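Here the structure is laid out as structure tokens; the discussion comes afterwards.
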Amino acid sequence: QVQLIESGGGLVQAGGSLRLSCAASGGSLVTYAVGWFRQHPGKGREFVAAISRRGESTHYEDSVKDRFVISRDNARNTVMLQMNSQKTEETDVYFCGGHREAYWTGSSNEIDYSNWGEGSQETVSS
């Protein structure tokens with residue numbers, strides 16, 4: 001079973017950039033689409049971005065599509081989320097999950113994903 005671990009979170013100033021990584025162990029990411037979600041305190045997980053198995057297709061939540069870039073390097077079993085022009089309201093815990101899909105859907109539903117990591121805290125200061 002593939003296990004995912006998020007890293008790269010921390011403190012960043014509003015307008016700044018940070019890159020998160022989702023590293024897999026125990027198996028290959030080739031068979032998984034991967035989605036990034038973030039969670040506000042007291043709320044459920046919110047979809048951020050997803051990428052298909054080979055990276056040929058992506059799907060972004062509207063508020064981030066011009067600022068964030070999701071990518072993957074299957075040779076390194078890693079999916080990245082480059083976050084640019086960050087906003088204070090994006091102070092969240094960020095999670096990645098895998099989706100063993102038969103075809104690309106770009107799902108924004110967390111129910112479709114599994115193998116969640118424990119999350120990486122991102123704090124955006126004013």
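The values are calculated or read from the model by the stated rules, or taken from the named source; none is laboratory data. Given the structure is predicted, the values throughout are model-derived calculations rather than measurements. Remember, those area values only see protein heavy atoms, side chains included, never the ligands or the DNA or RNA. Shrake-Rupley method; radii C 1.70, N 1.55, O 1.52, S 1.80 Å.
Could you look at the chain and say what percent of its accessible area is carbon and sulfur, using a 1.4 Å probe and all protein chains? The C+S portion of the solvent-accessible surface of the chain is 45 percent. Calculation over all alpha carbon pairs of the range 1-75 in 5 angstrom steps from 0 returns a P(r) of 3, 14, 21, 27, 20, 10, 4, 0 percent. Derived scalar couplings between HN and Hα for the range 73-80 equal 10, 5, 5, 9, 6, 9, 10, 10 Hz in order, rounded to whole Hz, by the Karplus curve 6.51 cos²θ - 1.76 cosθ + 1.60 (θ = phi - 60°), x for Gly and Pro. Per residue, the chain exposes 51 Å² of accessible surface when a 1.4 Å probe is rolled over the protein heavy atoms with every protein chain present. Estimated at the nearest 10 Å², the accessible area of residue 18 is 40 Å² with a 1.4 Å probe.
Between the amide H of residue 72 and those of 80, distances stay under 5 Å, these residues lying 5 or more places away or on another chain, with hydrogens modeled in the peptide plane. Converting phi to 3J(HN,Hα) with the Karplus coefficients 6.51, -1.76 and 1.60 and the offset θ = phi - 60°, the range 16-33 yields x, 10, 8, 10, 9, 10, 10, 9, 10, 9, x, x, 8, 7, 4, 8, 10, 6 Hz in sequence order, with x at every glycine or proline. Amide H contacts of residue 57: 52, each under 5 Å away and 5 or more positions distant or on a separate chain (H built 1.01 Å from N in the peptide plane; Pro and chain starts excluded). Across the range 84-95, coupling constants 3J(HN,Hα) worked out from phi with the 6.51/-1.76/1.60 Karplus curve, θ = phi - 60°, read 10, 6, 5, 10, 4, 6, 9, 6, 8, 9, 9, 10 Hz, and Gly and Pro carry x.
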